[in-house]
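The values are calculated or read from the model by the stated rules, or taken from the named source; none is laboratory data. Please read all numbers here as calculations on a predicted model, not as lab measurements. Cβ: placed from backbone, ideal geometry, glycine included. Neighbour counts: every protein chain shown. Keep in mind that these areas ignore ligands, DNA and RNA; they rest on the heavy atoms of the full protein, side chains included. Shrake-Rupley method; radii C 1.70, N 1.55, O 1.52, S 1.80 Å.
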Amino acid sequence: MKRIIMWIVILGIAGGLTACGDEGSGRDAEKKGNPVSEAAVQKSGSGQRDAKNDTERKTRKLHMLLDPQAQESIRCINDNGYYYISSDAKELKDGHYGKHLMYMDFATQREIYLCSASGCRHNTEECTAVLSDRDFPEMIQVFCQGDSLYVLSTGYDKSGSTEMNLGGESGEREPEIHPAVLYCMGLDGSGRRKVYTFEEGMTVEDTVWESEGGLFFITKKTGSRKLGKNQGRYTYPLERKIVKLDTASWKLDPVYPFELSDKAGEWKVIGCHKDSLVLSALCFDHALTDEEMLADDRETNRNILKKSKNQIALLNLNTRSLKVVYERFNKSGKLSDQIYGDGFLYLTEEDDPKIRQMDLDTGKTSTLARLKNKSFIGIYKDMICCSDMEATEDQTLYFVNRKNGEISHCGLVTKTLGWMLDIKGETKDKFLVVYDYDATPGIDDGYEISRYYHALISKEDLYQGKENYLPIKMTGKGE
């Protein structure tokens, strides 16, 4: 038996440490009573072109489109609807399996398949909602840019991870390698076409941003080595760089090569600030030994953490210059947390109730608020969402006003299981949340989820904990 552990998770710090150092339009035609018009999905693009976003495009040269690791609120959502890819693959008519492109239409409060073919059963590759494993064999991400919807098909990114050999096997056959591919289509799912195939053997990370007619990605080539006496295998980057894909010519050009070090984790993109990327890395004072990389007890990993420092840097893509703007030495072994939004870095430390904010333009740091339950959940236009990730008895949310530090407590939890609400994204005046589940008890006190129930809720109602949900009528399992 084997298990794969991300390099930061190897440090054994659960939940605390952030890294440092085709054809058709889009709706479910089987719903005959209240069909969703094609205009509803077409209109969804207008949310990308409203005055707010036009202003952002003029004042911010770089704009994040996809970054699920750094900020969960960066999703394919606008004021009209929400795009996502189903988590479970279903068997298709030809025996292959496929996931589905789904759309939640906020005007009709319905979840639909991104397909408009009358009578379609969404089980063949002719359906615009189907993402067959023939073309999408591994990881799939969706993001929006203007009037276009993109789907990125990539392999699994093992860079910075350790595959531990728990059963003593000498190894297994290497999995089949598939090149990463980018597809583009209309916002209604029509006209899907393959626009770029990345070099075979190249890993493409699931972080995407845009600037002036181009899409930016991070690509890398990796190598691996054994750890200890065949106790595992560590995968590391041999080459890692930022590339730009021109959306007019579909030509890929290199932009910036990252400097690699055996003492530092990979620089992770946590946001965009004007002409620069905001990066985070965890750096050690030595190259980790095999024993340190294989350690899985909390105390050992605390000691490893004491020999590290967190770094935040700005990478200006015009001048190709990288500047460290924040550094924290972890000599105490206590954890820190961070989140970025709109020119400000927000910081917390274990056993300290302060939430500090750092202006990346001036470098000035001040205390925004004091809050016991201060683990960052997400950052939004006006608020930072926090909770206590280690307190099972308190699954509620706390919202900190980014302007004045005022705290609002939302006492809402999911209806059936009492879990923390899952915020999927925000519109101008509402949030999309998962407010309930269909669940059956599983092994190890867990649950098997058969459906996620989504709803819109006004921002003010959520901040005040008022249960005024606008449920989305679900077609599939949800996300």
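Can you confirm whether the range 326-333 contains a residue that is within 28 Å of Ile77 (Cβ to Cβ) and outside any strand (DSSP E or B)?
No, the range 326-333 contains no residue that is within 28 Å of Ile77 (Cβ to Cβ) and outside any strand (DSSP E or B).
Does Asn310 qualify as being open to solvent by less than 30 Å² (accessible area, probe 1.4 Å) and of a type outside the set (A, V, I, L, M)?
Yes, satisfied.
Out of the residues in the range 201-240 that are assigned to a loop (DSSP other than H, G, I, E, B) and of a type in the set (Asp, Glu), state the one that is farthest from the chain's Cα centre (by Cα).
By that ranking, first place goes to Glu212.
When you look at Lys268, is it surrounded by 14 or more Cβ atoms within 10 Å (Cβ to Cβ), basic (Lys, Arg), more than 24 Å from Leu227 (Cα to Cα) and modelled with pLDDT under 95, yes or no?
yes
Within the range 48-64, can one find any residue that is closer than 30 Å to Ser336 by Cα, modelled with pLDDT under 85 and of a type in the set (Ser, Thr, Tyr)?
No, the range 48-64 has no match at all.
Is one or more of the residues making up the range 249-261 among the small types (Gly, Ala, Ser), closer than 30 Å to Gly333 by Cβ and not in a helix (DSSP H, G or I)?
Looking through the range 249-261, at least one residue is among the small types (Gly, Ala, Ser), closer than 30 Å to Gly333 by Cβ and not in a helix (DSSP H, G or I).
Which numbered condition in (1) assigned to a strand (DSSP E or B); (2) under 25 Å from Ala129 (Cβ atoms); (3) hydroxyl-bearing (Ser, Thr, Tyr) is the only one that Ser408 fails?
(2)
What strands (runs of 3 or more DSSP E) completely inside the range 78-126 contain at least 2 residues that are open to solvent by 10 Å² or more (accessible area, probe 1.4 Å) and over 17 Å from Glu138 (Cβ atoms)?
110-113
Mind checking whether some residue in the range 208-216 is under 17 Å from Gly160 (Cβ atoms), open to solvent by less than 40 Å² (accessible area, probe 1.4 Å) and touching a strand residue (DSSP E or B) at 6+ places or on another chain (Cβ under 7 Å)?
So far as the range 208-216 goes, no, none of its residues is under 17 Å from Gly160 (Cβ atoms), open to solvent by less than 40 Å² (accessible area, probe 1.4 Å) and touching a strand residue (DSSP E or B) at 6+ places or on another chain (Cβ under 7 Å).
Tell me, which residue of the range 337-386 that is assigned to a strand (DSSP E or B) and acidic (Asp, Glu) is nearest to Lys274 (Cα to Cα)? Outline the logic, then answer.
Step one: list which residues in the range 337-386 are assigned to a strand (DSSP E or B), which gives 337-341, 344-349, 352-359, 365-370, 375-379, 383-386.
Right, trim to acidic (Asp, Glu) and you get 337, 349, 352, 359.
Details: Asp337: 23, Glu349: 27, Asp352: 31, Asp359: 13 Å.
Among residues in the range 337-386 that are assigned to a strand (DSSP E or B) and acidic (Asp, Glu), the one nearest to Lys274 (Cα to Cα) is Asp359.
Would you mind finding the one in Lys220, Lys194, Lys226, Lys158 that is basic (Lys, Arg), closer than 30 Å to Lys274 by Cβ and either out of contact with any Gly (no Cβ under 7 Å at 6 or more places or on another chain) or modelled with pLDDT under 95 (or both)?
Lys220
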